[in-house]
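Engineer: Dumping the structure here so I can ask a few things about it.
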Amino acid sequence: MIAFANCKINLGLNIISKRPDGYHNIETLFFPLHQADILEVALPGKELAEGHDYLLKQTGIEVDCAPEKNILVKALYALKEVREIPCVYMHLHKQVPMGAGLGGGSADAAVLVKTLNTILNLDMTTEEMERVLAKVGADCPFFVQNKPSLASGIGEILQPVEFNALKGKYIRLIKPEIHVSTAEAYAGVTPQEPSVHIEEIIKRPISEWQGLLVNDFEESVFKAHPELGQIKQWLLDKGAIYAAMSGSGSTIFGIFGEPFYEDCEITEAAQWLEYIE
């Protein structure tokens, strides 16, 4: 079975408090996009499967980690804790940039669990799949329902919302060759309660978002990587209604009312345009 694991952007990201377990409570709006990895999942024959829990093939963008650290493998073993799963063949063709703040790996994990739920007739509910995936990564559960959702807790508490503000808009995404580790991003943030919550801000016109719908990571990350701030400003100078960094970076996106194809020459980068239907 072949499935597509689409990515997401964060609209606003507030770091509210640090938890006793070392994680942080946040609030954000996850919004799904079209750019996707391609995942083939199958059950190999007995000869190939014997002695293996999984068979993994990777193409496209290189995933630079040992197989056992791959998020697909982590998701498979998390699922094995609650269901009996035979040897699985997984072929991941990676197209969503890594270290981008787009949740590409989290989407891969979620799509694997959803696909196995289908082909193995596991009869898992949405809530059961979300619980399994929460053990793998904070934003993995979002990709089960894959709908615009307000997220709180560490990102795993989801409230799907009717959100049509981006309908008919174009989103220009720019992912430079800059890696921002999650640990680096959190180290530069002082948690605080926002003066206005994201749930209220997104009810306003997009033209009022800039300066109000903020990503708390931007201040420190932009100091460490000035090019990211330059890209954001470039998008605004080119007419973006709103521009921001997604997640902990390093993707910068701008929302436009009309198609915008001009390449950003500030840095070497992956760049693409999405239309929101």
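The values are calculated or read from the model by the stated rules, or taken from the named source; none is laboratory data. Bear in mind that the values here come from a model prediction, so they are computed numbers and not experimental data. Neighbour counts run over all protein chains shown; Cβ positions are idealised from the backbone, glycine included. Heads up: the accessible areas ignore ligands, DNA and RNA and are worked out on the full protein's heavy atoms, side chains in. Shrake-Rupley method; radii C 1.70, N 1.55, O 1.52, S 1.80 Å.
Engineer: Which one, [x] 46; [y] 50; [z] 55, gives percent of Cα pairs over 25 Å apart as derived from the coordinates shown?
Structural biologist: Computed from these coordinates, percent of Cα pairs over 25 Å apart corresponds to label [x].
Engineer: Expressed as a whole number of Å, what is the distance separating the alpha-carbon centroids of region 169-196 and region 65-107?
Structural biologist: 23 Å
Engineer: Heavy atoms only, probe 1.4 Å: what % of the accessible area of region 166-268 goes to carbon and sulfur, would you let me know? Working shown, then result.
Structural biologist: Numbers: 2320 of 5030 Å².
The computed percentage sits at 46.
Engineer: Quick one: Cα centre-to-centre distance for region 203-219 and region 249-272, in angstrom?
Structural biologist: 18 Å
Engineer: Where only protein heavy atoms count, and the probe is 1.4 Å, what is the accessible area per residue for region 1-141 in Å²? Mind showing how you got there, number by number?
Structural biologist: Values: 6460 Å² over 141 residues.
Solvent-accessible surface per residue comes out at 46 Å².
Engineer: Quick one: dipole size for region 201-277, taken about the Cα centre, charges +1 on Lys/Arg Cβ and -1 on Asp/Glu Cβ, in debye to the nearest 20. Display every interim value, and only then the final one.
Structural biologist: Values: 5 positive and 13 negative charges, 70 e Å.
For region 201-277, the charge dipole is close to 340 debye.
Engineer: About its Cα centre, how strong a charge dipole does the chain have in debye, to the nearest 20, once Lys and Arg get +1 and Asp and Glu get -1 at the Cβ? Please report the intermediate quantities before stating the final value.
Structural biologist: Working: 23 positive and 38 negative charges, 52 e Å.
Roughly 260 debye, rounded to the nearest 20.
Engineer: As a check on your grasp of the helix formula, calculate [θ] at 222 nm for the chain: sum -39500 (n - 2.57) over DSSP H runs of n ≥ 4, divide by the residue count, round to the nearest 500. Provide the component values of the computation, followed by the final result.
Structural biologist: On the way: 9 runs with 72 residues, N = 277.
Calculated mean residue ellipticity at 222 nm is -7000 deg cm²/dmol.
Engineer: Taking only protein heavy atoms and a 1.4 Å probe, what accessible area per residue, in Å², does region 149-277 have with all protein chains in place? Please report the intermediate quantities before stating the final value.
Structural biologist: Details: 6360 Å² over 129 residues.
Accessible surface, normalised per residue, equals 49 Å².
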